[in-house]
Amino acid sequence: MDLDFLLFVQDGVISRRQALRHLSEAAVRHRLASGRWQIAHAGVYLTHSGPMTVYQRLWVASLAVGHGRPVWLAGSSALTVLGMRGLDTRTVHVLVDARDRPRRPPPGVVVHRTRHLPPEDQHCLGRPPCTKPARSVVDAAQWVCSDREAIAVIASAFQQRLVAPAHLAPVLARMIHLKRRRIIVAAVADASGGAESVAEVDFARLCRRGGLPEPSRQMVRVDSAGRRRYRDVYFDDWRLHVEIDGVQHMEPRSWYADMRQHNEVTIAGERLLRFPAWMIRHQPDEVLDQLRAALYTAGWRR
């Protein structure tokens, strides 16, 4: 690979190790002294005098940690390379073999170690090299700061068609000691469809635990156009509907249908609460507080 093509592939970023394969040490020093190149990090150069782009920062991180050879971008950084939108790019995540001794990373770069990075998790054509989508989603979910962020990462990946539930199953099977494994598995199950029915059972148990009245499930209602509509949960005496949403309700195509149904309930003079399926399991007290408030407003007294 000649120098021009290497710089094209690496977005104008080059390590000292790579540069010395094509140029003399004096030529490298001259480019730095003249301002044509700049030092991005120890042993890594940016071959222009302007600010770094997001992709150049990813290359700098990969080359700096790998002693001049690229290491794997992972988690949200890999998802950025793979085209996922809406991610926080302020922190760069790289993945190295647990036996390696990586260099001190640049500021804002987090080095993760692993003993398990099989070929089926490696996206060798990524620029920079990165983990494949399924592994990237799982790692991103386990590395974020909160359970809610983990669920949001998984939901966004499905919404943007980056992965499907079946893609994540083998990754989860391999990663036995995954951080927040229970949360991640539940979020993937939500995306697989049918999770709402499981959440409805959990919801009924939650109502009993909280001393709330027993709701009806899968209640059939007739809308203003005479169409039959199914409500997940309905408190008949208080005219309160509850919808339990899976990941598919985040799809843009579902938004209008959901808003229309919400409007129809309001026009009929009834109340509607909506909860994501994961919230029933992981934030039950918040769900109970909102249910009590809605039922109390509707006239229920314990």
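The values are calculated or read from the model by the stated rules, or taken from the named source; none is laboratory data. Computed from a predicted structure; not experimentally measured. In this analysis, Cβ positions are derived from the backbone assuming ideal geometry, glycine residues included, and neighbour counts consider all displayed protein chains.
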- Note on the structure: Those residues of the range 97-132 that are more than 21 Å from residue 60 (Cβ to Cβ), among the aliphatic types (A, V, I, L, M) and loosely packed, with under 13 Cβ neighbours inside 10 Å come to a total of 1
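Taking the range 105-127 on its own, how many of its residues are part of a loop (DSSP other than H, G, I, E, B) and closer than 18 Å to residue 77 by Cα?
9
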- Note on the structure: Given the conditions (1) surrounded by 18 or more Cβ atoms within 10 Å (Cβ to Cβ); (2) modelled with pLDDT of 70 or more; (3) over 22 Å from residue 149 (Cα atoms), every one holds for residue 231 apart from (2)
- Within the range 81-126, which residues are among the polar types (S, T, N, Q) and in contact with a strand residue (DSSP E or B) (Cβ under 8 Å, 6 or more places away or on another chain)? 91, 114, 122
